[in-house]
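Undergrad: The structure follows.
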Amino acid sequence: MGAALFARGYCAAVGGFFNACKKLPNAHKLLVNEAVRLIVNNPKIGDEKKGDLVGVFVYKFKIHHQEFLLAYEWDAAQRMLLALWVHENFYRDLKRK
């Protein structure tokens, strides 16, 4: 899952992101990998959240007509991938982490 990006230190991820990725079919993982590449190259691509989630960005993309959300934080040196899943309960679960 984007091993080259992780090996170079551009990305780090927490367990919630990896657990969600493990459940996806390989074809979906390739599309998630492309979304991660977009975030690494342009971290402002996502929408910054407000309130309890200030500092968290969410990038939305579709996989076979299903919208997925990828939450991340970033600074100049690194992108931290927090969560990946469909919209249902996504923000509620993200606040708990």
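Undergrad: List the pairs whose first member sits in the range 14-31 and is touching a residue at least 24 places away in the same chain (Cβ under 8 Å) and within 18 Å of Met80 (Cβ to Cβ), whose second member is surrounded by 15 or more Cβ atoms within 10 Å (Cβ to Cβ) and aromatic (Phe, Trp, Tyr), and whose Cβ atoms are under 6 Å apart, counting only residues at least 6 apart or on separate chains?
TA: Going by the 6 Å Cβ cut-off, the qualifying pairs are Ala20/Trp85.
Residues are listed down the side, and each one gets a yes or a no for (1) modelled with pLDDT of 90 or more; (2) of a type in the set (Phe, Trp, Tyr):
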{"residue": "Asn26", "(1), (2)": "yes, no"}
{"residue": "Leu38", "(1), (2)": "yes, no"}
{"residue": "Val56", "(1), (2)": "yes, no"}
{"residue": "Phe68", "(1), (2)": "yes, yes"}
{"residue": "Gln78", "(1), (2)": "no, no"}
{"residue": "Trp85", "(1), (2)": "no, yes"}
{"residue": "Arg92", "(1), (2)": "no, no"}
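Undergrad: Got a number for residues in the range 52-97 being of a type outside the set (Lys, Arg) and not in a strand (DSSP E or B)?
TA: Let us first name the residues in the range 52-97 that are of a type outside the set (Lys, Arg), namely 52-59, 61, 63-78, 80-91, 93-94.
Within this subset, residues satisfying the condition of being not in a strand (DSSP E or B) are 52-56, 64-65, 75-78, 87-91, 93-94.
So the answer is 18.
Undergrad: What are the pairs with Cβ atoms under 7 angstrom where one residue, in the range 34-50, is assigned to a loop (DSSP other than H, G, I, E, B) and the other, located anywhere, is of a type in the set (Ser, Thr, Tyr) and surrounded by 15 or more Cβ atoms within 10 Å (Cβ to Cβ)? Sequence gap at least six, or different chains.
TA: Close Cβ pairs satisfying both conditions: Gly46/Tyr59; Gly46/Tyr72.
Undergrad: Taking the conditions exactly as written (in contact with a helix residue (DSSP H, G or I) (Cβ under 9 Å, 6 or more places away or on another chain), buried (at least 19 other Cβ atoms within 10 Å of the Cβ) and closer than 19 Å to Arg96 by Cα), does Leu81 satisfy them or not?
TA: yes
Undergrad: Name the single residue that is nearest to Ala76 (Cα to Cα) among those in the range 15-40 being under 13 Å from the mean Cα position of the chain (by Cα) and loosely packed, with under 14 Cβ neighbours inside 10 Å.
TA: Restricting to residues being under 13 Å from the mean Cα position of the chain (by Cα) and loosely packed, with under 14 Cβ neighbours inside 10 Å, the top hit is Glu34.
Undergrad: Return the residue satisfying two criteria in turn: it lies in the range 47-60 and is crowded, with 16+ Cβ neighbours inside 10 Å and out of contact with any Lys or Arg (no Cβ under 8 Å at 6 or more places or on another chain), and of such residues it is farthest from Lys95 (Cα to Cα).
TA: Selected residue: Tyr59.
The values are calculated or read from the model by the stated rules, or taken from the named source; none is laboratory data. Worth saying up front: this structure is predicted, and the values here are computed from it rather than measured. No Cβ is skipped: glycine too gets one built from the backbone with ideal geometry, and neighbour counts run over all protein chains shown.
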